[in-house]
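These notes concern the structure reproduced below.
Read-outs throughout are calculated quantities, based only on the coordinates presented, and are distinct from any laboratory measurement. Just so we're clear, the structure is a prediction, and the values are computed from it rather than from any experiment. No Cβ is skipped: glycine too gets one built from the backbone with ideal geometry, and neighbour counts run over all protein chains shown.
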Amino acid sequence: MTEVADWEGWFQRWEAQQGLYLPERESRFGVMIDILRAMVGAAPTVIDLGCGPGSLAQRVADRLPGAHVVALDADPLLLEVGRRAVGDRGGRIRWVDADLRDSELVKRIGLNGAADAAISTTALHWLSPDELFGLFVRLTHVLRPGGVFINGDHLTFDHDQSRIASAVNRIRESAADDPRGPGVETWTEWWASIEAEPALAELVAERRSRWGGHPVATDLQV
Ligand SMILES: C[S@@+](CC[C@H](N)C(=O)[O-])C[C@H]1O[C@@H](n2cnc3c(N)ncnc32)[C@H](O)[C@@H]1O
């Protein structure tokens, strides 16, 4: 019997797992889309950099029915979860398998200076400063003049921002609820479950072969 993956289930478990690390995740998406619309209008062409299974791409497509999104990632498994669970939203999400560090990235995206925006959540901290610099240079060839880049990644505070850092830490500590409800997995647990799923064995193998030289994230780095 051929095994069939529960794509929607894996996507929902991804959402719950990510919410564990980002309790304000939905608000973060919302603010980013507000800014996107205010700066480039309600029908933008957008690239979601390091889209994973397309959490942000999905929200952009649903909140802005005129938007077109290129959802780009280098992880074949997460892309497949996205393709199957989120789909193309009526031809408005195009899934692209590409590495943000690839010198051919501009060609892979294929928008030739016509994109209104590049957006990203919790992905770009995976790149080294040099790789990030390379990406920013490539984005200048992907975005149109006046296009915007909105990065919703984790930010840390510099050594001279200790007052802000301690205020933020106090807010975090008092933000009561532990988002870990019953059955909510950690990043490590989610990946362990994926690796144990027979229907995903080929994608797991493909993923392993690609990320061979890439550092493996711990729960603290997600
Ligand atoms: C924590 S996940 C975030 C995914 C999604 N943006 C979200 O908010 O749920 C980080 C993503 O960055 C992607 N990523 C990391 N390095 C990458 C690279 N060099 N090229 C493309 N994607 C990359 C990973 O594959 C993963 O999907």
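Determine the shape class of the range 51-96: with a ≥ b ≥ c the square roots of the Cα gyration tensor eigenvalues, call it rounded for a/c under 1.5, and otherwise prolate if a/b is greater than b/c, oblate otherwise. Prolate. Among 102, 158, sorting on how many other beta-carbon atoms sit within 10 Å of each Cβ, with the fewest leading, yields 158, 102.
Computed from backbone phi with θ = phi - 60° and the Karplus coefficients 6.51, -1.76 and 1.60, the 3J(HN,Hα) list for the range 27-40 is 5, 4, 4, x, 5, 4, 6, 4, 5, 4, 5, 5, 8, 10 Hz; x is used for glycine and proline.
Across the chain, the mean sequence separation of Cα contacts (distance under 8 Å, 6 or more residues apart), normalised by length, yields a relative contact order of 23 percent.
Sorting the Cα pairs of the chain by distance into bins of 5 Å, from 0 upward, gives 1, 6, 13, 18, 19, 17, 13, 8, 3, 1, 0, 0, 0 percent per bin. The calculated FRET efficiency for the pair residue 6 and residue 28, based on their C-beta separation and a Förster distance of 30 Å, comes to about 0.65. For the range 18-89, a/c is not less than 1.5, where a ≥ b ≥ c are the root eigenvalues of the C-alpha gyration tensor, and a/b does not top b/c. That puts it in the oblate class.
The mean sequence separation of alpha-carbon pairs under 8 Å and at least six residues apart, normalised by the residue count of the range 60-154, gives a relative contact order of 27 percent. One Cα centroid belongs to the range 121-142, the other to the range 1-55; the line between them spans 19 Å.
Within the chain, DSSP assigns beta bridges of which about 0% are antiparallel (rounded to the nearest 5). Take the chain, connect every pair of alpha-carbon atoms lying under 10 Å apart with a spring to form a Gaussian network, then pick out the residue of 209, 128, 162 with the largest mean-square fluctuation. Maximum among the listed residues: 162. Around the amide H of residue 71, modelled in the peptide plane, lie the amide H atoms of 48, 94, 95, 96, all under 5 Å away and 5 or more residues distant in sequence or on another chain. Multiplying the residue separation of residue 130 and residue 160 by 0.36 nm and subtracting their alpha-carbon distance yields 8.4 nm.
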